[in-house]
Amino acid sequence: MSALAEVTGSVASIGYGLAAIGPGIGVGLIFGNGVQAMARQPEAAGLIRSNMFIGFALTEALALIGIVMPFVFGK
């Protein structure tokens, strides 16, 4: 058996693992910078929080697309 034949079963999980790196970093940046912005300007906390959650939802959608794509393009 070749090494490629042994890896084909887990290619989708490897692909999702790589697809989850970007949204994971993005969510960390969104919330880290959001907390820092609220600490600097407490009077704008409501606006910052709403923008933070919108950014979180859009970033998390990328992770959900990464979960779905192996099933769409899978065999």
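The values are calculated or read from the model by the stated rules, or taken from the named source; none is laboratory data. These numbers come from a predicted model, not from an experiment. So basically every Cβ, Gly included, is an ideal-geometry build from the backbone, and we count neighbours across all protein chains shown. These accessible areas exclude ligands, DNA and RNA; they are computed on the full protein's heavy atoms, side chains included. Shrake-Rupley method; radii C 1.70, N 1.55, O 1.52, S 1.80 Å.
Remarks
- Options 43, 60; residue that is open to solvent by 50 Å² or more (accessible area, probe 1.4 Å), acidic (Asp, Glu), more than 17 Å from residue 24 (Cα to Cα) and assigned to a helix (DSSP H, G or I): 43
- Of residues in segment 1-22 being surrounded by fewer than 11 Cβ atoms within 10 Å (Cβ to Cβ) and not in a helix (DSSP H, G or I), the one modelled with the highest pLDDT: 2
- Evaluation of residue 25 against the conditions (1) surrounded by 14 or more Cβ atoms within 10 Å (Cβ to Cβ); (2) closer than 20 Å to residue 13 by Cα; (3) modelled with pLDDT of 90 or more shows that the sole unmet condition is (1).
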